[in-house]
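Before any comments, here is the structure.
The values are calculated or read from the model by the stated rules, or taken from the named source; none is laboratory data. Just so we're clear, the structure is a prediction, and the values are computed from it rather than from any experiment. Cβ atoms come from the backbone with ideal geometry, glycine included; neighbour counts cover every protein chain shown. Each accessible area value is taken on the protein alone, full model and side chains, heavy atoms only, with ligands, DNA and RNA left out. Shrake-Rupley method; radii C 1.70, N 1.55, O 1.52, S 1.80 Å.
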Amino acid sequence: MNNKLLVVVTGPTAVGKTSLSIELAKHFNTVIISADSRQFYKQLNIAVAKPDQNQLKEVEHHYISFLDIADYYNVAQFETDVLQKLDEIFVEKDIAFLVGGSGLYIDAVCYGIDYFPDVPEDLRNSLNNIFEQKGIEELRKILKEKDPEYYNIVDKDNPQRLLRAIEVCLITGKPFSEQRLNEPKKRNFNIIKIALNMDRAVLNERISARVDEMLDAGLIDEAKELYKYKELNSLKTVGYRELFDYIDGKYTIEEAVEKIKTNTRRYAKRQVTWLKKDESYKWFSPEQKDEIIDYITLSL
RNA sequence: GGUACCGUAGCUCAGUCGGUAGAGCGUCGGACUGAAAAUCCGCAGGUCACUGGUUCAAUUCCAGUCGGUACCA
């Protein structure tokens, strides 16, 4: 353990993570690592509320716009990448910020994630085909046979959970549950974790206002440009999906905008649910900049 | 002013041949180890516009009042 410090700054979407973290990074004269799984992609800009050019100039950011929307990427890769990047950063700096709203990605950096081999694309495709043709009951049947222990605890209504467990069983030849150690890994730096939140009604208003701003900034045009890639995983994203449906004539622009707002609210709620479970977060209002600086300073 | 229809959950609406009600959406809560801005689960919520009448019993039938919509003047 050295005396280096990673400061996590997270919270629901639209709470004000970006601008606050830039002020914090400037104050501590250091860099920001993004933990926003959709800001990774260079073609996604408006809907994912990426920091703008000026903000990116003010503070050095890592892991923003470093992937193509067609690239395959995952949490485990992120863990590896960020740990390596932190080694580089901590040569010069004593402190770094990890900022974003993707809770699973933050946890992978802080606690690690169990190792599993990559899944060949055709295996995932064929399992998806089984699901589409035979339904979820078939997935349950397969998993029950391959890994009865995990079958007992898994959410049996959730196709992604079932599919993932089956995948791992098939590529490793061992039950998923056996390989899921779920033990926090040791890090050679200290970590403090800050979560930002505010009154839900106020947050919901901010979400609504931000969506309107995105529309003014040209969100519809951005969606039209990306329409041809709509099947990519990276485009299964709030703000694009709803507009793709609008382009398809599924609903009016007004309906699509309402759906973006609703889905963003739901996303924010899921983020808060995830964070509340982790008691290591220290909660602040985004206005408590001075208190946050004091809190970080005490940990240095 | 007249006629017709309507007024049930936050919204859109179902329903009860009279026995105090439901669905979708939203809200709220939750799960979640390689799709995570993804995926999945759950709960709550209604003086059935108001007042009176008939009835053992009215959200339901009747009358009036108020509000809305359409058409006629």
Checklist entry - Does residue A:43 satisfy the condition of being surrounded by 14 or more Cβ atoms within 10 Å (Cβ to Cβ), over 24 Å from residue A:196 (Cβ atoms) and out of contact with any Leu (no Cβ under 6 Å at 6 or more places or on another chain)? => result yes
Item to check | Which listed residue is open to solvent by less than 20 Å² (accessible area, probe 1.4 Å) and within 12 Å of RNA strand B (Cβ to nearest atom), from A:86, A:139 | outcome: A:139
Next on the checklist: Regarding segment A:76-91, can at least one residue be identified that is under 27 Å from residue A:49 (Cα atoms) and aromatic (Phe, Trp, Tyr)?
Outcome noted: yes
Next on the checklist: Which numbered condition in (1) within 14 Å of RNA strand B (Cβ to nearest atom); (2) open to solvent by 30 Å² or more (accessible area, probe 1.4 Å) is the only one that residue A:34 fails?
Outcome noted: (2)
Next on the checklist: Can you tell me which of (1) more than 30 Å from residue A:55 (Cβ to Cβ); (2) hydroxyl-bearing (Ser, Thr, Tyr); (3) surrounded by 15 or more Cβ atoms within 10 Å (Cβ to Cβ); (4) within 25 Å of the chain's Cα centre (by Cα) is the one residue A:151 doesn't meet?
Outcome noted: (4)
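So that you can scan it fast, the table gives a plain yes or no per residue for (1) under 16 Å from the mean Cα position of the chain (by Cα); (2) within 9 Å of RNA strand B (Cβ to nearest atom); (3) farther than 17 Å from residue A:49 by Cα:
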position: A:237; (1), (2), (3): yes, yes, no
position: A:256; (1), (2), (3): no, no, yes
position: A:261; (1), (2), (3): no, yes, no
position: A:269; (1), (2), (3): yes, yes, yes
Checklist entry - Do we have residue A:94 as of a type in the set (Asp, Glu), in contact with a strand residue (DSSP E or B) (Cβ under 8 Å, 6 or more places away or on another chain), more than 27 Å from residue A:226 (Cα to Cα) and in contact (Cβ under 8 Å) with a residue 40 or more places away in the chain here? => result yes
Checklist entry - Can you name the number of the only condition in (1) in contact (Cβ under 8 Å) with a residue 12 or more places away in the chain; (2) of a type in the set (Lys, Arg); (3) within 24 Å of residue A:38 (Cβ to Cβ) that residue A:156 fails? => result (3)
Checklist entry - Taking the stated definitions as given, is residue A:195 farther than 15 Å from residue A:127 by Cβ, among the hydrophobic types (A, V, I, L, M, F, W, C) and touching a helix residue (DSSP H, G or I) at 6+ places or on another chain (Cβ under 7 Å)? => result yes
Checklist outcome for this item: By my count, helices (runs of 4 or more DSSP H) wholly in segment A:155-255 with at least 2 residues that are within 23 Å of residue A:18 (Cα to Cα) and open to solvent by 80 Å² or more (accessible area, probe 1.4 Å) are A:200-216
Next on the checklist: Just to be sure I understand, how many residues within segment A:190-211 are acidic (Asp, Glu) and touching a residue at least 24 places away in the same chain (Cβ under 8 Å)?
Outcome noted: 0
Checklist entry - Condition test on residue A:165, is it farther than 28 Å from residue A:281 by Cβ, among the small types (Gly, Ala, Ser), free of Cβ contacts under 8 Å to residues at least 60 places away in the same chain and within 11 Å of RNA strand B (Cβ to nearest atom)? => result yes
Checklist entry - Restricting attention to segment A:99-127, which residues are more than 8 Å from RNA strand B (Cβ to nearest atom) and surrounded by fewer than 17 Cβ atoms within 10 Å (Cβ to Cβ)? => result A:120, A:121, A:122, A:123, A:125, A:126
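Residue-by-condition table, conditions (1) within 24 Å of residue A:104 (Cα to Cα); (2) touching a residue at least 12 places away in the same chain (Cβ under 8 Å); (3) in contact with a Gly (Cβ under 8 Å, 6 or more places away or on another chain):
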| position | (1), (2), (3) |
| --- | --- |
| A:237 | yes, yes, no |
| A:243 | no, yes, no |
| A:257 | no, yes, no |
| A:265 | yes, yes, no |
| A:270 | yes, no, no |
| A:276 | yes, no, no |
| A:283 | yes, yes, no |
| A:296 | yes, yes, no |
Checklist outcome for this item: Per the filter on segment A:185-212, residues over 20 Å from the mean Cα position of the chain (by Cα), away from RNA strand B (no atom under 13 Å from the Cβ) and of a type in the set (A, V, I, L, M) are A:209
